[in-house]
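Trainee: The structure that follows is given in the form of structure tokens.
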Amino acid sequence: LALLPRPARKEAKPKHRPLAILILKYIACDALAAFHKTLGEEEFMKRGVEYYGHCPVHADKKPSLRIDPEKQSWFCDPCGAGGGIAELYAVVHGLDVTGDFNRIERELAALFGVTLDEESGSKKKSKSKTMLELFKSYVVFHDSNDESYITLASGDHDETYRIMDPAFARRCAGDFFEATGETISLLTIQEPLAVLDAIARRGPVCEVSIRYAKAGGYLYIDLGRKDWKILRLCSAGYSLIDYRECPERFIRPKGMGELPLPAPANGLTLRELHKTPFFSNMEWRDFLLVIGFYFAAAIKAREYPLLMLPGGAGLGKTTLLHFLKLLIDPGSPEMRNQPRNVRAMAAAIHSAHLVGWDNVSRFIGEMMDVLSSLLTGGSISDRKLYENYGEASFLAARPVVITSIADIARRADLADRTIAPSLRPFTDAGGTVERRSRAALYEEFDRELPHIFGFLCDAMCGGLGKLGTVKLPETTRMMDVTTWIYACMEALGSGADFMEAYMDNRANTDARLLDESPLFTQILSMAATCTEMDAKGQPVKVEYHTWSGTASALLAQLNQEASLDVKRNPNWPKSHWHLSIALTGL
């Protein structure tokens, strides 16, 4: 029994709220001095790491009150009393540590020479009120995705922000310091921002745009300038206007870069642009497809084509993606890795107008379906984090560029929206272009970028003038965006050439999908080798040009004649229902 450890004494725990921060800071700096002042004793008896004084709870002739400065606590062995500074002061002055806590806190502050910020609550309120007063000339609204925005004056121009964006909170902290000379915590900023958010959700619904907008026969391009100047395009030409004059609202995601001011084209033509080293890794028809994609991506639309750049190494896929990003939507990151899930895909599309995914190996079925939906203005919905029933949705269409070794557009609905030009090494482009380093090529493109951008802006202005006269066949896929591309190409004198290249691209895509379909190849094989029975029950080989029957009967015959490897293909129909859907897509 003598060897058993002695049970540790339980220290009394405070049953009240913590003391004011300034009092706690004073105690932490010199706890022993705080006990001296609280107990009223000038000297304590030291024993090891503890100090002993006279206990005020009972008639203590011999010091029995143990003080631990490190733990900022005290305990009396004879009477069992103990606690912290607040309990000791309550015992000394006959107060109730719970009921008289506010008095204890004030008197301790006076005893320690600490000035309590009794007006901290009002100061906090005044800071929130001051923050709201900084937004006197603000306009708040929300969009169809239920996100709140604010347009406020910043010097001689206006700017638009997402209210609950952390970047806006940091901007508010800086504005508050410039206006008052005082600092404000991000926690305090959240209060006025919550008020603005509530007001915005009651306000009007106004859609916001990233980089490009369209209204009233005009195109608007946010160049990303610090003065928020907007480029306005019409059939008569383009001009630079103030953001306050623009009827559309723009939002700038993190990392958004700056487009150059368009410079005169200096007589540049589409043929001459193709001859430049920047697009010399493709033939004329493929170059028209790439320029057509530019016109499609350089506006705000309900649908966009997907630009697929497949091929082996050394074809300039990443270089072409770099050029398109600088022409359409420069920013950081310039190109992204393959998204791992739908949430990552939505985050990437939410943060830029043009999304570039480089070196994509493959998309699984769900990802391919979501990508196809987003190209035509579909939505992504998912559960909000930390909420059981809240749902976050994102509704928008975005132009997308994907580089890959293999063509990943395997489904008919996605492939039907895909533009896939053929690329070849730069040195094979007619044998007239000298191969150069990537750094030198990028540097030359940066010098020519304003002129190329000006040339393309002139073409879009011409496209606005011709848009009302363009008529395409009713069977044209993605009618709106294709009509716009054709109008711009007509302004450059290459409308017919583009449509021919575009239709050939679609035909090649359809042929590729049929060639890759195990079902299609098996049907062709079955049509060439089908047999039927004659009157004597002997098989007779015939060539079928048509076949009639139920989907179940057709699937049974296909399964009978198909090899085991063919039936193991994931695209092979597993039921008559899957077969019917597959035949509809062929």
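The values are calculated or read from the model by the stated rules, or taken from the named source; none is laboratory data. Note that the coordinates shown come from a computational prediction; the quantities given were computed from them, not determined experimentally. Heads up, the Cβs are rebuilt from the backbone with ideal geometry, glycines too, and the neighbour counts pull from every protein chain shown. Each accessible area value is taken on the protein alone, full model and side chains, heavy atoms only, with ligands, DNA and RNA left out. Shrake-Rupley method; radii C 1.70, N 1.55, O 1.52, S 1.80 Å.
Trainee: For segment 267-283, just list the computed ³J(HN,Hα) in residue order, Karplus coefficients 6.51, -1.76 and 1.60, θ = phi - 60°, integers in Hz, with x standing in for Gly and Pro.
Mentor: Per-residue couplings from phi come out as x, 5, 10, 5, 5, 5, 5, 5, 7, 5, x, 6, 10, 7, 9, 8, 7 Hz.
Trainee: Give Lys129/Lys229; Lys37/Lys61; Lys226/Lys466; Lys25/Lys62; Lys214/Lys466 a once-over and call out the pairs whose C-alpha atoms are over 27 Å from each other. Don't jump to the answer; show the numbers that get you there.
Mentor: Numbers: Lys129/Lys229 31 Å; Lys37/Lys61 20 Å; Lys226/Lys466 33 Å; Lys25/Lys62 32 Å; Lys214/Lys466 16 Å.
Correct reply: Lys129/Lys229; Lys226/Lys466; Lys25/Lys62.
Trainee: Please list the non-local residues whose amide H lies under 5 Å from the amide H of Ser73, H modeled 1.01 Å from N, same-chain partners needing a gap of 5 or more.
Mentor: Amide H to amide H, under 5 Å and 5 or more residues apart or across chains, Ser73 pairs with Asp68.
Trainee: From the backbone phi of segment 493-504, what are the Karplus-calculated ³J(HN,Hα) couplings (6.51 cos²θ - 1.76 cosθ + 1.60, θ = phi - 60°) in whole Hz, Gly and Pro given as x?
Mentor: Running phi through 6.51 cos²θ - 1.76 cosθ + 1.60 with θ = phi - 60° gives x, 10, x, 5, 4, 5, 4, 5, 5, 5, 5, 5 Hz.
Trainee: Another question, if that's okay. Which GluC sites (Glu not before Pro) from segment 30-106 combine a DSSP loop assignment with at most 12 other Cβ atoms within 10 Å? If you can, show how the numbers build up before the last one.
Mentor: Numbers: sites: Glu41, Glu42, Glu43, Glu50, Glu70, Glu87, Glu105; in loops: Glu41, Glu42, Glu43, Glu70.
Passing both the DSSP loop test and the Cβ count: Glu42, Glu43, Glu70.
Trainee: Which percent of the accessible area of segment 155-237 is formed by carbon and sulfur heavy atoms (probe 1.4 angstrom)? Before the final figure, lay out the partial values.
Mentor: Numbers: 2220 of 4050 Å².
Within segment 155-237, the accessible surface is 55 percent carbon and sulfur.
Trainee: Something else now. For segment 18-25, what does the Karplus curve 6.51 cos²θ - 1.76 cosθ + 1.60, with θ = phi - 60°, yield as ³J(HN,Hα) per residue in whole Hz, taken in order and with x for Gly and Pro?
Mentor: x, 5, 4, 4, 5, 5, 5, 5
Trainee: Roughly how many percent of the accessible protein surface of segment 42-95 is carbon and sulfur, given a 1.4 Å probe and a whole-percent answer?
Mentor: Working: 1440 of 2910 Å².
Solvent-exposed carbon and sulfur of segment 42-95 make up 49 percent of the total.
Trainee: Can you list the residues, at least 5 places off or on another chain, whose amide H is less than 5 Å from the amide H of Arg249, using H built in the peptide plane?
Mentor: Close amide H contacts, sequence-distant or interchain: Ser209.
Trainee: Check Leu354: other-chain or 5+ apart residues with amide H under 5 Å from its amide H, H built from backbone geometry?
Mentor: none
Trainee: What shape does segment 118-256 take by its C-alpha gyration tensor, where a ≥ b ≥ c are the square roots of the eigenvalues and a/c under 1.5 counts as rounded, a/b above b/c as prolate, and the rest as oblate? Don't skip to the end; give the middle numbers.
Mentor: Working: a/c = 2.77, a/b = 2.01, b/c = 1.38.
In terms of gyration-tensor shape, prolate.
Trainee: May I pose another question? Does segment 179-263 come out rounded, prolate or oblate by the C-alpha gyration tensor, with a ≥ b ≥ c the root eigenvalues, rounded set by a/c under 1.5 and, if not, prolate when a/b is larger than b/c and oblate if not? Intermediate results must be reported in sequence, preceding the final value.
Mentor: On the way: a/c = 2.93, a/b = 1.78, b/c = 1.64.
Prolate shape, in that a/c is at least 1.5 and a/b is the bigger ratio.
Trainee: Next up: What does the C-alpha gyration tensor say about the overall shape of segment 446-492? Classify as rounded when a/c is under 1.5, otherwise prolate if a/b is larger than b/c, or oblate. Don't skip to the answer; put the middle values down first.
Mentor: On the way: a/c = 4.13, a/b = 2.24, b/c = 1.84.
Verdict is prolate for segment 446-492.
Trainee: Just read off the accessible area of Ile523 with the full protein assembly in place, 1.4 Å probe, to the nearest 10 Å².
Mentor: 40 Å²
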